[in-house]
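Novice: Handing you this structure, nothing more for now.
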């Protein structure tokens, strides 16, 4: 097992200026593992769903090389549900419904076979849950990445700081980086985050691309201009999944290879937003993703001579 992810597998209902969906499959863990599957077929997930979750979805994950034996299904439980409405700029949204259900009491249990995975992705869950997963690993993974959000900074900042000390990479957006550090400059914010524990930081800027920081080195990946953006839900998780899928498959954590991982994550995320939920991810192939990575290369390639 090369890559282990902990994250939610859930139901979403989404409304954007371009349409709305009924209850569809979502969740950070779902998006991360599906995105990673374009690069790595040796991965697993630790999560929890209710008895109402469709069996065929879990079977579909297995077909993509995702080991689902770490998904708990409590008797009589209901799956986590989130509903949201995006504003016209597609960068801001209102949460309409949050039903934690089985996720509210989630106690992650890492199966024995997963406890030596060299790459670990901690999806956006409470920092206490994230740290519980780290503590169950038999050997400290080669590379641990984590996602978090403003909510945990508001209600669990002390636990978040504790978890940050255990990871190699933090993936956040620009607003979250500024809240966590109190710094407006993203370069200064990245340095402050590195002092908290993670030696590497990715700061996502939505439609304006992503920044990778390590020590004094910085890499910027632009966002690919798209003709249609239907649903930004899951784009950040797809970025994380593509990044970690590529990194774990190549087994190279150098700064130069992480640049490629940023492009891999950006490429998968650019597909995700083209349709509601996970639908676009289910249509494309690894060849499609690699072709789009080439498009990113052309986007910013130039010669000064």
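Novice: Can you confirm whether residue 29 is closer than 25 Å to residue 137 by Cα and part of a helix (DSSP H, G or I)?
Specialist: Yes: the conditions hold for residue 29.
Novice: Which of the residues spanning the range 21-39 are touching a residue at least 40 places away in the same chain (Cβ under 8 Å) and surrounded by fewer than 24 Cβ atoms within 10 Å (Cβ to Cβ)?
Specialist: Hits for the range 21-39 are 21, 23, 24, 25, 37.
Novice: Which one of these is in contact (Cβ under 8 Å) with a residue 24 or more places away in the chain, part of a helix (DSSP H, G or I), surrounded by fewer than 24 Cβ atoms within 10 Å (Cβ to Cβ) and touching a helix residue (DSSP H, G or I) at 6+ places or on another chain (Cβ under 8 Å): 224, 281?
Specialist: Being in contact (Cβ under 8 Å) with a residue 24 or more places away in the chain, part of a helix (DSSP H, G or I), surrounded by fewer than 24 Cβ atoms within 10 Å (Cβ to Cβ) and touching a helix residue (DSSP H, G or I) at 6+ places or on another chain (Cβ under 8 Å) holds for just one of 224, 281, which is 281.
Novice: Then there is this: How many of the residues making up the range 151-163 are surrounded by fewer than 17 Cβ atoms within 10 Å (Cβ to Cβ) and in contact (Cβ under 8 Å) with a residue 12 or more places away in the chain?
Specialist: Result for the range 151-163: 5.
Novice: So how many residues does the range 179-202 have that are outside any loop (DSSP other than H, G, I, E, B) and over 15 Å from residue 264 (Cα atoms)?
Specialist: Keep residues of the range 179-202 that are outside any loop (DSSP other than H, G, I, E, B), which gives 179-181, 186-196, 200-202.
Filter again for over 15 Å from residue 264 (Cα atoms), leaving 179-181, 186-196, 200-201.
Summing the residues that are outside any loop (DSSP other than H, G, I, E, B) and over 15 Å from residue 264 (Cα atoms) in the range 179-202 gives 16.
Novice: Let me ask something additional. Anything in the range 173-185 that is under 20 Å from the mean Cα position of the chain (by Cα) and within 12 Å of residue 201 (Cβ to Cβ)? List them, or say none.
Specialist: 173, 174, 176, 177, 180
Novice: Check residue 231 against each of (1) closer than 19 Å to residue 145 by Cβ; (2) buried (at least 22 other Cβ atoms within 10 Å of the Cβ) and name the one condition it does not meet.
Specialist: Single failed check for residue 231: (1).
Novice: Find the strands (runs of 3 or more DSSP E) located wholly in the range 50-150 whose residues include 3 or more that are at pLDDT 95 or above and buried (at least 17 other Cβ atoms within 10 Å of the Cβ), and list them.
Specialist: Ranges flagged: 66-72, 119-122, 143-147.
Novice: With the requirement that a residue be out of contact with any strand residue (DSSP E or B) (no Cβ under 8 Å at 6 or more places or on another chain) and surrounded by 23 or more Cβ atoms within 10 Å (Cβ to Cβ), what does the range 241-272 give you?
Specialist: Scanning the range 241-272 gives 242, 246, 261, 264, 267, 268, 269, 270, 272.
Novice: Right, something else. Could you list, ordered by first residue, the pairs with Cβ atoms under 6 Å in which the first is in the range 53-78 and under 18 Å from residue 282 (Cα atoms) and the second is modelled with pLDDT of 95 or more and surrounded by fewer than 16 Cβ atoms within 10 Å (Cβ to Cβ), at least 6 apart or interchain?
Specialist: That search, which allows pairs on different chains as well, returns 68/62.
The values are calculated or read from the model by the stated rules, or taken from the named source; none is laboratory data. Worth saying up front: this structure is predicted, and the values here are computed from it rather than measured. Note that each Cβ is placed from the backbone with ideal geometry, even for glycine, and that neighbours are counted across all protein chains shown.
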